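Right, one structure below, let's go through it.
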Amino acid sequence: MALDQTPDPSQQFASDNYSGICPEAWAAMEAANSGHAPAYGEDAWTARAADAFRALFETRCEVFFAFNGTAANALALAALCQSYHSVICADSAHVETDECGAPEFFSNGSKLLTVRTEGGKLTPQAIRSLATNRSDIHFPRPRVVTITQPTETGQVYTLAEIRALSEECRRLGLALHMDGSRFANACANLGCRPADMTWRAGVDVLCFGGTKNGMHAGEAVVFFDEKLAEDFGYRCKQAGQLASKMRFLAAPWVGMLESGAWLRNGAHGNATATRFAAAVAGLPGVRALFPVEANAVFLSLPPAMAEGLRARGWRFYTFIGGGARFMFGWDAQDKRVDALIADLRSLAVAAA
Ligand SMILES: *Cc1c(COP(=O)(O)O)cnc(C)c1O
């Protein structure tokens, strides 16, 4: 479906969650809204959505639908851990910085062990050094590694990097979890099959983001090792994550996956971010803080320029990664992006 390009002055690039629902997800929800259907995931939409994931990943896998990413991550990690275990993650990982302790809470206390990283990427060496640092009874035993793909600052692990991480995990007896709240953006960037970025590279459990990809809500927890999914349904229910009218959490996935919108949406966000970054590169005082590999652009801006942008009505966050963060979603409009670029240009000229 073509993007509506009627200029929309409400459009902001502070977060990919400022956007609305994409037409494919909306149409599927509307189609699901006809008549009655069994509750709690016993309906045909839920079965069809799970099958769409199996087709996408070219394998048998167990799929669960949670309302948001915090719940998906926390419950997936809890399923991989006992309370006396620990989870290795980057110090900038969403599970560490933005989930209010949910992974620790839902795992009954599994500790997150953080690694200081550049751009949020873990390395095999960092995992090994943390996992082998202590093996005595007094320290929570490392059991899981979680990686964010793409990272919170928009860096994408290559397939070789993921494979190297999973090989290290196997050697150390660790499971590998992937926080894919922007999975589509990473997949679009690598141009790879979803299977290659996940189970074929050794990922055990994936949280696949629907909300930032254009849905109203919803993340899918995909278990590539079906044994790990045992009892996961109970975990979801206990945590308040089993939707009674499940068809409305499942149907948008059917719309997204069967139409290919998930990947188109990710590619559009990425392309817009790349165009934006190129247009503002070289403006006096403006510096990109991270390479642009997904739909995020982080800019270091002189304080006066940041204030100037805010005074002109632009919204953006500065608490992640330092600098000003701009996120481009499935619906980012060229004209609106051009307006942001023009404001940055004129503020840069005024400051020079
Ligand atoms: C947005 C996001 C999530 C999910 O957050 P919710 O607000 O709970 O849906 C998870 N991980 C990362 C890296 C994110 O950016």
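The values are calculated or read from the model by the stated rules, or taken from the named source; none is laboratory data. Predicted model only: the values in this text are computed from it and were never measured. FYI the Cβ positions are ideal-geometry reconstructions off the backbone, even for glycines, and counts take in every protein chain you see. Areas reflect the complete protein model, heavy atoms only, side chains present, ligands, DNA and RNA absent. Shrake-Rupley method; radii C 1.70, N 1.55, O 1.52, S 1.80 Å.
Within a straight-line Cα-Cα reach of under 18 Å, Lys111 can be paired with the following aspartates and glutamates, leaving aside sequence neighbours fewer than 8 residues apart in one chain: Asp91, Glu96, Asp98, Glu99, Asp136, Asp179.
Given a cut-off of 38 Å, what percent of all Cα-Cα pairs of the chain lie beyond it?
Values: 10833 of 61776 pairs.
Everything past 38 Å amounts to 18 percent.
When the trypsin sites (Lys or Arg not before Pro) in the stretch 246-352 are filtered for DSSP coil states and for at most 14 other beta-carbon atoms within 10 Å of their beta-carbon, the remaining sites are Arg312, Arg315. Computed packing ranks the peptides 228-241, 19-32, 52-65 as 19-32, 52-65, 228-241, most packed first, by mean other Cβ atoms within 10 Å.
Count the DSSP beta bridges whose two residues both fall in the chain, then state the antiparallel fraction as a percent rounded to the nearest 5. Don't jump to the answer; show the numbers that get you there.
Values: 17 of 35 bridges.
Once the DSSP bridges in the chain are tallied, antiparallel ones form about 50 percent.
Measuring nothing but protein heavy atoms, the accessible surface of the stretch 23-260 at 1.4 Å probe radius is 49 percent carbon and sulfur. Summarising the label geometry, the points placed 7 Å from Cα in the beta-carbon direction at Ala311 and Ala271 lie 3.6 nm from one another. For the stretch 23-260, the residue among Ala44, Leu257, Gln149 whose Cα projects farthest onto the positive side of the dipole built from Cβ charges is Gln149. Think of a 1.4 Å ball rolled over the protein heavy atoms: the stretch 231-352 then has 43 Å² of accessible area per residue. Under the simplified labelling scheme, the Thr123-Asp8 pair shows an inter-label distance of 4.2 nm, with each label point 7 Å from Cα along Cα→Cβ.
Here is the list for the stretch 67-171: GluC sites (Glu not before Pro) lying in DSSP coil, each with at most 12 other C-beta atoms within 10 angstrom of its C-beta, are Glu118.
Between Thr132 and Ile341, the simple label model (points 7 Å from Cα in the Cβ direction) yields a spacing of 4.9 nm.
Please give the calculated 222 nm ellipticity per residue for the chain, where each DSSP H segment of at least 4 residues contributes -39500 (n - 2.57) and the sum is spread over every residue; nearest 500 deg cm²/dmol? Before the final figure, lay out each step's value.
On the way: 14 runs with 148 residues, N = 352.
Taken over the chain, the calculation gives -12500 deg cm²/dmol.
Applied to the stretch 185-200, the Karplus parametrisation 6.51 cos²θ - 1.76 cosθ + 1.60 on θ = phi - 60° returns per-residue 3J(HN,Hα) values of 5, 5, 5, 5, 5, 7, x, 10, 6, x, 5, 5, 8, 10, 5, 5 Hz, with x for Gly and Pro.
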